[in-house]
Every structure is written in structure tokens, then in C-alpha cells.
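Structure first, commentary second.
The values are calculated or read from the model by the stated rules, or taken from the named source; none is laboratory data. None of these values were measured; they are calculated from a predicted model. Please note: Cβ atoms are built from the backbone with ideal geometry, for glycine as well, and neighbour counts cover all protein chains shown.
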Amino acid sequence: MKILVVEDDPKIAAAIRETLERETYAVDVMSGSEEGLACALAGEYDLVILDRLLPGRLDGADICREMRTAGLPTPILMATARDSIEDRVEGLNVGADDYLVKPFALAELKARVRALLRRPPRDIGTLLRTGRISLDTLTKDVTRDGQPISLTLTEYRLLEYLMRSAGQVLSRQQLIDHVWDFDADVVYNTVDSYVSSLRHKLGSGYIVTVRGHGYRIEQPL
């Protein structure tokens, strides 16, 4: 996998590059905002790590915003010394997927990178559709033919992950890793129970069991 690092501090950039290259990632480093934006917009990267404050006319938030405006789903990790709640909220609102405050431990950087790269491809829009089912990731509303479907929080998380990964077979372990908290005591039977509940609420034909592998959501016949 290939990662773009946009960071103007040469020592930090070198430490990030060395750390990620030891993890077998290919890493490109850009120090200026304009060249960083040009590389990011090329769309050749699996992940972009952005410093918030950069030399030039743009900052990290501007690059992030430009990428999302261009429709690029590339995961973005914002790394910055600006650690106020307002700064974090702004960074996430312009399209960053995660926010890492400097100074940070390189072990945490590696963990966050791995977590972002495990996620299913990002859907830039807020509306996911499968057949007659619609899910709005902004309002959290789920409907069938425009009529609301009442879901528990866990059912919603499960459905959103399945819909974001439409057409892919997801194992029970993948569902546990992405839907439940790390400290939750979840077994495979728990997953099966929630899938059964979702099937009942959505109607037949949406969630398909792939025997020996897991579950997949698809357009019903």
C-alpha cells in the first residue's frame, strides 16, 4: 500500500517515513501545501497523512476539503499540534477520517494507520441504497420505500457496515471488529442473532448467508 505524508517538519517527516516503511508501506513525503495537494489529487494513495499547518497558501484543512470536493474517498489522518476541540471538530467536518495530536507516539501512528486502512471504502455521499432500502449516514434514518424502519444502535451499525461493503462477503469476525466496541463480549452467535433481526426488519433477499464464510448484502431478486 502507498501512503502520502504532507509534513513540513523534516525530522517528523523522516520519523514517519521510516516508521511506515518498516511496516512495508510505500511512502511519499511532500513538505509544501501546493505540491501536497497536487499529489493527493492524483488519487494514487491508499492513505494521506496531513499536517494541519503547512507553508504556502493552503493548510491541511484546505487540502482535505479539496480532496473531498474532488470526490476522492482516500482515508485522511490529520496530524497537528492544534489540539482544541474546535480544531478537531473542524478537521473532521472538512473530511478527515481521524485526528492525531502532536507530539504523538509512533506506535499510536502505526495503529491508527492500520485501523484506517482496514475500513471499507469511504462513501462520500450520505445516502446508501440497496434495492428498496435507503440509509442516511448523516441523519441515521433507515427507510424501505420511504417508510421508516426502526433499528437499535447495533442493528444500525451492522446495516451501515454491510451497505458500505455491498457485494463483499464479510466474516463474522470482521463484523465483530467493525460493529462492536473492543471491550464488548461478542460471540459468533450474537452476530447471527443480529443478522436474523435485521433480515426480519428489512425483508427477505437483502442479507445473504455465504456458507462457511459470512454474510453479504445485495440487491434482492
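A few notes on this one:
- Test: residue in segment 98-112 that is in a loop (DSSP other than H, G, I, E, B) and among the hydroxyl-bearing types (Ser, Thr, Tyr): no
Residues are listed down the side, and each one gets a yes or a no for (1) at pLDDT 85 or above; (2) at negative phi; (3) in the same structural domain as residue 22 (by TED's automatic domain parsing); (4) in contact with a Lys or Arg (Cβ under 7 Å, 6 or more places away or on another chain):
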| residue | (1), (2), (3), (4) |
| --- | --- |
| 74 | yes, yes, yes, no |
| 80 | no, yes, yes, yes |
| 87 | no, yes, yes, no |
| 101 | yes, yes, yes, no |
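- Exactly one residue out of 206, 156, 188 is modelled with pLDDT of 90 or more and touching a Pro at 6+ places or on another chain (Cβ under 7 Å): that is 206.
- Filter result for residue 94 (without any contact (Cβ under 8 Å) to a residue 40 or more places away in the chain and either within 27 Å of residue 22 (Cα to Cα) or hydrophobic (A, V, I, L, M, F, W, C) (or both)): yes
- Complete set of residues in segment 1-17 that are acidic (Asp, Glu) and more than 16 Å from residue 106 (Cα to Cα): 8
- Hits in segment 1-17 - residues which are of a type outside the set (Gly, Ala, Ser), within 24 Å of the chain's Cα centre (by Cα) and surrounded by fewer than 22 Cβ atoms within 10 Å (Cβ to Cβ): 1, 2, 17
- Taking the listed residues 56, 91, the one that is surrounded by 13 or more Cβ atoms within 10 Å (Cβ to Cβ), on the phi > 0 side of the Ramachandran plot and not β-branched (Val, Ile, Thr) is 56, with no other qualifying.
- Among residues of segment 59-88, those that are of a type in the set (Gly, Ala, Ser), crowded, with 18+ Cβ neighbours inside 10 Å and under 24 Å from residue 1 (Cβ atoms), counted: 2
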